[in-house]
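Before any comments, here is the structure.
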Amino acid sequence: MRWRLLKWAARLVLTLIVVATLAGAYLIYRAMPTYSGAERLPGLSAEARVWRDAYGVPHIFAASMDDAARVLGYLHASERLFQMEIQRRVGQGRMAEIQGADLLGVDKFIRTLGFYREAEMSFSSLSPWAQKRLTAYADGVSAFLESHRDALPPEFLLAGDRPEPWKPADSLVWGKLLSLQLSGHYKLEALRAHLRQKLGADQAGWLFPGMKADAPITTKPVIDAHHALDESVPDQIGDLIGIRRGASNEWVVAGSRTVTGKPILANDPHLELGAPVLWYLARIVTPEGSLRGATVPGEPVVLLGQNDNIAWGSTTADTDVQDLFIETVDPSDLSKYLTPDGPKSFDAREETIHVKDGADVKLTVRTTRHGPVLSDVSADLASIAEPGKAVALAFTGLGDHDATAEAMMRLNAARNWGEFLDALKLYQTPTQNIVYADVSGDIGFFSPGLVPLRKSGDGMTPADGASGAFDWIGTIPFDQLPQLHNPEIGFAFNANNANVPIDAESKFGRDWEEDFRARRIQEFFDTIDRHSLDTSAAMQADHLSLAAKAFQPFIARIKPADERARQAQTMLMSWDAVMDKDRAEPLIFTAFLKSLHRNLLEEKTGMKLEAMGPFAATALIALMRDHPSWCDAAGKPDPDCSGALGRALDDGLALLVARDGADMSRWRWGAEHQALLRHKVYSHVPILDRISDLSVASSGGFYTLDRGGGFETAPDKPFARTNGPGFRGLYDLSDPEKSRFMITTGQSGHIFSRHYGDFVPLWNDGKSITLTGSEEELKKAGAQELTLAP
């Protein structure tokens with residue numbers, strides 16, 4: 001009897017597993033988009049046709065750009081709906097509704113900034129032309145939601161979410177989130193304040209050595225430079241929307257230096273990696289013109305790409321557009337704060353945040369004349385404010401008349417340098433470095449965006465808000481922003497390095513990205529006589545780390561403690577500094593550098609220092625070179641830092657032995673340096689976590705042109721690649737049909753789609769595709785046709 005019961009129970013469990021598997025498969029497959037046939041799309045002025053090529057990239061043939069925007073919204077929703085939903089929920093401050101109290105901090109932070117309110121108000125400030133384009137896109141998204149409301153991706157079921165119709169503000173708020181994630185100076189100001197409290201102003205200053213006199217400057221390009229080498233809540237937001245910090249490469253080359261006689265432009269933005277990646281490729285063909293390049297689901301523009309006349313690419317400018325102001329609360333009336341004109345009432349509003357499986361939370365948002373009071377929702381900022389003080393954020397990304405979206409729409413239609421500049425006059429945030437090329441042969445560079453003019457001070461540390469001495473008094477005029485047009489030298493580039501000379505730091509900031517990538521690009525321009533798409537592709541795929549070369553003279557100082565350390569030192573000293581996934585040296589070097597960062601920076605200061613980046617190689621080199629007393633430990637002198645360097649190597653090797661075994665000959669960088677391409681939802685669901693994981697062993701490192709590593713890694717994957725070139729574009733202005741494109745994962749967010757991860761091997765090998773062909777040519781090549789009728 002007992003045996004029969006066990007057999008019955010086993011059959012029941014097996015049946016339930018089969019039923020659950022079939023039900024799950026049904027839910028997933030019914031949400032898959034239609035790639036061929038005919039569907040209705042209300043609002044179109046005429047029939048539109050979508051040809052999806054072998055990789056699922058849509059080639060949209062429409063009667064107008066407004067129709068194309070409507071189609072693009074429909075397609076974005078069909079492939080990336082949950083990604084879009086998370087982006088807008090973060091921007092609305094409504095993540096706790098579906099995720100519970102764990103994300104209450106994110107909602108409070110975003111509500112305090114007021115991003116969604118500003119996005120709604122910004123829409124009314126756009127021209128009727130731009131409003132029409134945004135509305136067409138939103139209607140396309142909503143049309144898909146309406147026709148597929150009973151066939152939504154299973155992520156919505158798992159999250160307990162049902163998407164609302166899409167609104168233009170849902171698109172505009174993404175720009176606000178992008179601006180926040182790419183403008184992190186307030187965190188550096190807070191860090192400097194903490195360091196000054198702990199170390200004093202002098203030693204705190206040692207950790208920020210600034211830009212060297214011979215550093216590459218984008219607006220001062222040179223040839224044969226011989227640059228010498230030296231011997232949180234915001235993070236949660238970044239994880240959710242796929243943007244945490246920003247780093248990118250770009251260059252533009254005049255026809256006088258190319259094999260075709262026409263310009264070449266290259267761009268590869270480095271943002272958070274995941275599956276699906278942020279970017280979505282598309283090509284648009286209308287009687288008004290054509291577009292091809294990288295779009296972002298939720299946005300009606302080609303953010304990075306090419307039209308019939310021009311091509312453009314961008315990197316984060318790292319301009320200082322944020323200041324923290326320490327406001328003094330009126331001791332006689334806590335509802336007021338002090339200003340040069342006497343006490344003034346805080347502007348206050350109450351927000352209600354709904355929390356899944358919890359009670360609603362009431363949030364009182366206070367705002368001063370400088371901006372929202374972030375110390376009310378940020379413990380880190382609250383800790384730098386004395387009793388009776390409040391910390392407010394002034395930020396150019398907080399405008400409620402933000403026309404940046406319209407600037408990008410106009411850039412998409414620009415035909416020459418003049419129209420390009422006219423479009424950028426509307427651009428506000430985030431500040432970017434944009435390279436430009438056109439079919440007539442012009443090249444250029446412009447860094448658009450609002451940059452504050454300060455009455456006094458340099459914006460490096462939090463300022464007193466009561467006196468008015470450090471107030472903003474306007475923004476830098478458009479014609480004074482960093483720019484180049486047809487430089488005589490025939491090229492321009494940027495890798496988040498300084499875009500202005502040192503004497504302009506007081507206006508534009510000083511917290512540029514470490515310049516190892518910029519120096520590597522300079523080396524290519526010093527040695528390549530005639531550039532081509534192939535040479536630019538090789539540059540984008542370059543794995544040589546100038547940071548590793550810079551540390552080799554310091555590694556030579558180490559007095560090895562044992563045979564393993566001696567062997568490791570020998571390997572690193574003879575290594576060519578190429579971060580090859582099949583070599584052991586990149587792994588040993590990175591483990592050493594992580595340990596040196598921990599020992600000399602984190603343990604010495606007792607702080608995490610995330611705002612300085614994961615390694616802060618420039619700061620470490622400057623400390624050991626200029627202030628070797630910093631290396632002293634427990635009162636024991638270490639005049640050449642050899643002791644600190646040796647300890648870092650020993651610690652790094654101990655970590656690798658624990659993780660990868662004692663046999664160094666079996667260590668491989670790629671075994672630890674995996675590009676983490678995990679689905680944000682299914683990576684937490686058993687079985688589906690493995691099915692949806694596209695992670696792959698990768699070459700490259702944090703300081704190589706093919707960016708690897710990441711700003712933060714999980715303890716169980718300390719060497720993982722969490723950032724990288726999610727999109728690569730190579731633009732040929734002699735024949736736009738030859739331009740090349742690539743994204744990291746695939747076009748689709750549906751894990752069982754054949755286009756979920758089909759780009760991964762191509763991306764990892766530095767390969768690319770073209771986006772070209774007439775409708776007849778696409779048909780002959782086997783593209784699938786979807787007809788959308790009004």
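Count, please, the residues in segment 387-416 that happen to be within 30 Å of Ser375 (Cα to Cα) and polar (S, T, N, Q).
Here the count works out to 2.
Which residues, taken from segment 273-322, are within 26 Å of Met612 (Cα to Cα) and among the hydroxyl-bearing types (Ser, Thr, Tyr)?
Ser314, Thr315, Thr316, Thr319 - these are the residues of segment 273-322 that are within 26 Å of Met612 (Cα to Cα) and among the hydroxyl-bearing types (Ser, Thr, Tyr).
In segment 318-359, which residue that is in contact with a Ser or Thr (Cβ under 6 Å, 6 or more places away or on another chain) and of a type in the set (Asp, Glu) is most open to solvent (accessible area, probe 1.4 Å)?
Going through the qualifying residues, I end up with Glu350.
Among the residues of segment 511-521, is any in contact with a Lys or Arg (Cβ under 9 Å, 6 or more places away or on another chain), at pLDDT 95 or above and surrounded by fewer than 19 Cβ atoms within 10 Å (Cβ to Cβ)?
no
So, Met539, is that one modelled with pLDDT of 95 or more and within 25 Å of Ser642 (Cα to Cα) or not?
On the way: modelled with pLDDT of 95 or more: yes; within 25 Å of Ser642 (Cα to Cα): no.
In short, no.
What number of residues in segment 636-672 are under 30 Å from Pro725 (Cβ atoms), open to solvent by less than 50 Å² (accessible area, probe 1.4 Å) and among the hydrophobic types (A, V, I, L, M, F, W, C)?
Result for segment 636-672: 4.
Collect the residues in segment 359-387 that are at pLDDT 95 or above, of a type outside the set (Ser, Thr, Tyr) and more than 13 Å from Leu113 (Cβ to Cβ), keeping them in residue-number order.
Ala359, Asp360, Val361, Lys362, Arg369, His370
Those residues that are of a type in the set (D, E, K, R), under 22 Å from the mean Cα position of the chain (by Cα) and modelled with pLDDT of 95 or more, I need them from segment 653-697; list them, please.
Filtering segment 653-697 down to residues of a type in the set (D, E, K, R) leaves 659-660, 663, 666, 668, 672, 678, 680, 689-690, 693.
Filter once more, so that each one left must be under 22 Å from the mean Cα position of the chain (by Cα): 678, 680, 693.
Passing the criteria: Arg678, Asp693.
Here is a yes/no grid of residues against (1) basic (Lys, Arg); (2) surrounded by fewer than 16 Cβ atoms within 10 Å (Cβ to Cβ); (3) under 27 Å from the mean Cα position of the chain (by Cα); (4) in a loop (DSSP other than H, G, I, E, B):
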| position | (1), (2), (3), (4) |
| --- | --- |
| Leu572 | no, no, no, no |
| Asp576 | no, yes, no, yes |
| Arg583 | yes, no, no, yes |
| Leu587 | no, no, yes, no |
| Leu593 | no, no, yes, no |
| Glu603 | no, yes, no, no |
| Leu620 | no, no, yes, no |
| Met624 | no, no, no, no |
| Ser629 | no, yes, no, no |
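Restrict the check to segment 327-334 and report whether at least one residue is hydroxyl-bearing (Ser, Thr, Tyr) and under 30 Å from Gly388 (Cα atoms).
Taking segment 327-334 as the starting set, the residues that turn out to be hydroxyl-bearing (Ser, Thr, Tyr) are 328, 332.
Now drop any that are not under 30 Å from Gly388 (Cα atoms), which leaves 328, 332.
There is at least one residue in segment 327-334 that is hydroxyl-bearing (Ser, Thr, Tyr) and under 30 Å from Gly388 (Cα atoms).
Answer yes or no: is there a residue in segment 513-529 that is under 25 Å from Thr404 (Cα atoms) and not hydrophobic (A, V, I, L, M, F, W, C). Steps first, answer last, please.
Of segment 513-529, the ones under 25 Å from Thr404 (Cα atoms) are 513.
Right, trim to not hydrophobic (A, V, I, L, M, F, W, C) and you get 513.
Checked against the condition, which is being under 25 Å from Thr404 (Cα atoms) and not hydrophobic (A, V, I, L, M, F, W, C), segment 513-529 yields at least one hit.
What number of residues within segment 558-570 satisfy the criterion of being in a loop (DSSP other than H, G, I, E, B) and open to solvent by 80 Å² or more (accessible area, probe 1.4 Å)?
If we filter segment 558-570 for residues that are in a loop (DSSP other than H, G, I, E, B), which is where we start, we get 558-562.
After this cut, where a residue has to be open to solvent by 80 Å² or more (accessible area, probe 1.4 Å) as well, the list is 559.
Total meeting the criteria: 1.
Can you confirm whether segment 168-177 contains a residue that is surrounded by fewer than 18 Cβ atoms within 10 Å (Cβ to Cβ) and either assigned to a helix (DSSP H, G or I) or touching a His at 6+ places or on another chain (Cβ under 8 Å) (or both)? Lay out the reasoning, then the answer.
Within segment 168-177, the first condition is being surrounded by fewer than 18 Cβ atoms within 10 Å (Cβ to Cβ), and the residues that meet it are none.
There is no residue in segment 168-177 that is surrounded by fewer than 18 Cβ atoms within 10 Å (Cβ to Cβ) and either assigned to a helix (DSSP H, G or I) or touching a His at 6+ places or on another chain (Cβ under 8 Å) (or both).
Rundown of residues vs (1) in a helix (DSSP H, G or I); (2) in contact with an Asp or Glu (Cβ under 8 Å, 6 or more places away or on another chain); (3) open to solvent by less than 10 Å² (accessible area, probe 1.4 Å), yes/no style:
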position	(1), (2), (3)
Asp66	yes, no, no
Arg80	yes, no, yes
Ile86	yes, no, no
Arg89	yes, yes, no
Asp102	yes, no, no
Arg111	yes, yes, no
Met121	yes, yes, no
Arg133	yes, yes, no
Ala136	yes, yes, yes
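Pick from Gly708, Gly701: which is under 30 Å from Trp206 (Cα atoms) and touching a strand residue (DSSP E or B) at 6+ places or on another chain (Cβ under 8 Å)? Lay out the reasoning, then the answer.
Details: Gly701 fails: touching a strand residue (DSSP E or B) at 6+ places or on another chain (Cβ under 8 Å).
The match here is Gly708.
If I go through segment 473-501 residue by residue, how many of them are part of a loop (DSSP other than H, G, I, E, B) and open to solvent by 30 Å² or more (accessible area, probe 1.4 Å)? Spell out the reasoning first.
Just the residues of segment 473-501 that are part of a loop (DSSP other than H, G, I, E, B), to begin with: 476-477, 481-482, 486-490, 495-501.
Next, only the ones that are open to solvent by 30 Å² or more (accessible area, probe 1.4 Å) stay: 477, 486, 488-489, 501.
Qualifying residue count for the region: 5.
With (1) open to solvent by less than 10 Å² (accessible area, probe 1.4 Å); (2) among the hydroxyl-bearing types (Ser, Thr, Tyr); (3) part of a helix (DSSP H, G or I) as the list, and Thr315 as the residue in question, which single condition is left unmet?
Every condition holds for Thr315 apart from (3).
The values are calculated or read from the model by the stated rules, or taken from the named source; none is laboratory data. Quick caveat, the model's predicted, so the values are computed rather than measured. Here the Cβ is made from the backbone with ideal geometry for all residues, glycine too, and neighbour counts use every protein chain on show. Quick note on the areas: whole protein, heavy atoms, side chains included, nothing else; ligands and nucleic acids left out. Shrake-Rupley method; radii C 1.70, N 1.55, O 1.52, S 1.80 Å.
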